[in-house]
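The structure appears below as structure tokens.
None of the figures in this text is laboratory data; all of them are computed from the coordinates on show. Keep in mind that what you see is a predicted model, and the values were worked out from it rather than measured. We place every Cβ from the backbone using ideal geometry, glycine too, and count neighbours over all the protein chains shown.
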Amino acid sequence: MRASAHPLREVFDGLRHVVKTGAPWRWMPHDLPLWAAVYQQAQRWLSAGCFEQLAEDLRAVLRLAAGREAEPSTAILDRQGDAGSIAAFPRKKFTAFRWAADIPLLAPQTLPTTIAGVRSGVTET
């Protein structure tokens, strides 16, 4: 394995720029590494599952900081609606910058490892 031509922190900053701005890879600013280097490293990180592991570790840290165990023991899901469908949530007047605010998102501490389905209520132990 050869040494990287760019520090990984700069490569990660380049990836953050693309994700935050939504700009095409080739439009990266010149003070960041070349777009091809950032893209190639991002693909390596994705295929290695680095971001999934980062999310799992962050969830565990947040649970520990809240005084709970790192791994949830059980989650109970409400089966009275199709919570997986965006159509199940009422939509307000569409604006380009507000439509996503009407869709409730799961906080990291609510991600279950064990799932039990019941008729109502969303709780976690």
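Sorted into 5 angstrom bins from 0, the C-alpha pair distances of segment 39-80 split as 5, 20, 15, 16, 14, 14, 10, 5, 1 percent. If you plug the beta carbon distance of His6 and Leu54 into 1/(1 + (r/R0)^6) with R0 = 25 Å, you get a FRET efficiency near 0.75. Cβ-Cβ distance of Ser73 and Asp13, R₀ of 35 Å, FRET efficiency by 1/(1 + (r/R0)^6): the value works out to about 0.40.
Dimensions of segment 8-48 from C-alpha coordinates, computed as largest minus smallest value along each principal axis and given longest first, are 26, 18, 15 Å.
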